[in-house]
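Structure first, then comments.
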Amino acid sequence: ELIVNPGKLQRNYLGGQRKKYYKPVAFFILTTVLYIVIRTIIGFDPFRNDAFQVQDGADGATKFEEARNYFLLNINNLLFIFVFTLAIFSKLFYHRRYSLAEFLVISFYLLGIYTLLSTIDIVIIQFITDKAQGVRILVMMIYFIYAMLSLLKKPIFVVVLKSIVVYLLSFVFYFAMSYGLSYLIVLFK
């Protein structure tokens, strides 16, 4: 149901029908663990593309480059930030519909799907082509719009427009906060 009709699943879960559904936080953690396991098994290296390769700190890499490296290597640990930015911006744009806690539940489910897309993406990058990088972000935005349309049952144009803005703002803030946190970690190492 999370793929076919995410709005129905989310409405049912938020409406109290929780026993028949997998818990959202557990789903998110499970998909993240799956991502880590598959990334380890296939030996995925986010730096295999020449555009991402930089030297170690000892060889002259700047703190910004070290922060980027930290961010890319620990992206699975920083994905929790995306959950919160997505929930906060959803609450800001759909303020009357659900509470922040309910948008957190929705965000955990949706970003579990994003993690599954990331897992598929790294397999494609590793074994087929690295030209597919970033496709998952676009696919996730389309899925997010679809999920919001099926959840909110409001005028299509308004939901699509708000969903695009919410997703882009959430992603930009997630990236900025994750990179900023990575920079602070590298700076104070």
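Taking +1 at the Cβ of each Lys and Arg and -1 at the Cβ of each Asp and Glu, which of V139, V186, L149 sits farthest along the dipole of region 103-189 towards its positive end, judged by Cα position relative to the Cα centre? The listed residue farthest towards the positive side: L149. Convex hull volume per residue, computed on the Cα atoms of the chain, equals 131 Å³. Please report the spacing between the Cα centers of region 116-170 and region 1-29 in Å, no decimals. Cα centroid to Cα centroid, the span is 18 Å. For an R0 of 30 angstrom, estimate the FRET efficiency from the Cβ-Cβ distance between E1 and T40 and round to the nearest 0.05. Efficiency for this residue pair is about 0.50.
With the charge dipole of the chain set up from +1 on Lys and Arg Cβ and -1 on Asp and Glu Cβ about the Cα centre, the Cα lying farthest toward the positive end among the listed residues L168, L72, Q10 is that of Q10. The accessible surface of the chain, taken with every protein chain in place and a 1.4 Å probe, is 69 percent carbon and sulfur. Loop-resident trypsin sites (Lys or Arg not before Pro) (DSSP state other than H, G, I, E or B) in region 100-156 with no more than 12 further Cβ atoms inside 10 Å of their Cβ: K153. Summing Lys and Arg as +1 and Asp and Glu as -1 over all other residues whose Cβ lies under 15 Å from the Cβ of L2 gives a net charge of +4. Backbone N atoms of region 11-47 closer than 14 Å to the 7 Å Cα→Cβ label point of F80 belong to residues 25-26, 28-30, 32-33. The eigenvalues of the Cα gyration tensor, multiplied by 5 and square-rooted, give region 81-153 an equivalent ellipsoid with semi-axes of 28, 12, 9 Å from largest to smallest. Positive contributions from Lys and Arg (+1) and negative ones from Asp and Glu (-1), summed over other residues with Cβ under 15 Å from the Cβ of L169, come out at +2. Working note: Karplus 6.51/-1.76/1.60 with θ = phi - 60° gives region 157-173 the couplings 4, 5, 5, 4, 4, 4, 5, 4, 5, 4, 5, 5, 4, 4, 5, 5, 5 Hz, where Gly and Pro are set to x. Remark: region 27-33, residue by residue, has Karplus-estimated 3J(HN,Hα) of 4, 4, 5, 4, 5, 5, 4 Hz, where x stands for each Gly or Pro and the curve is 6.51 cos²θ - 1.76 cosθ + 1.60 at θ = phi - 60°. This model, with +1 at the C-beta of Lys and Arg and -1 at the C-beta of Asp and Glu, gives region 60-189 a dipole about its Cα centre of some 460 debye.
Here Q17 and V135 are evaluated by their C-beta separation; at R0 = 41 Å the FRET efficiency comes out at 0.75. Applying a threshold of 18 Å to the alpha-carbon distances of K20/K154; K23/K91; K91/K162 flags K20/K154; K23/K91 as lying beyond it. Dividing the summed helix terms, -39500 (n - 2.57) for each DSSP H run of n ≥ 4, by the number of residues in the chain produces a 222 nm estimate of -24500 deg cm²/dmol to the nearest 500. A 1.4 Å probe over all protein chains sorts T62, T32, T40 by accessible area into T40, T62, T32, starting with the largest. Once the 1.4 Å probe is applied to the protein heavy atoms, the chain comes out at 54 Å² accessible per residue.
The values are calculated or read from the model by the stated rules, or taken from the named source; none is laboratory data. Every value quoted in this text rests on a predicted model; they were computed, and no experiment measured them. Don't worry about glycine lacking a Cβ; one is built from the backbone with ideal geometry, like all the others, and counts go over all protein chains shown. To get the accessible areas, we keep the full protein, side chains included, count just its heavy atoms, and leave off ligands, DNA and RNA. Shrake-Rupley method; radii C 1.70, N 1.55, O 1.52, S 1.80 Å.
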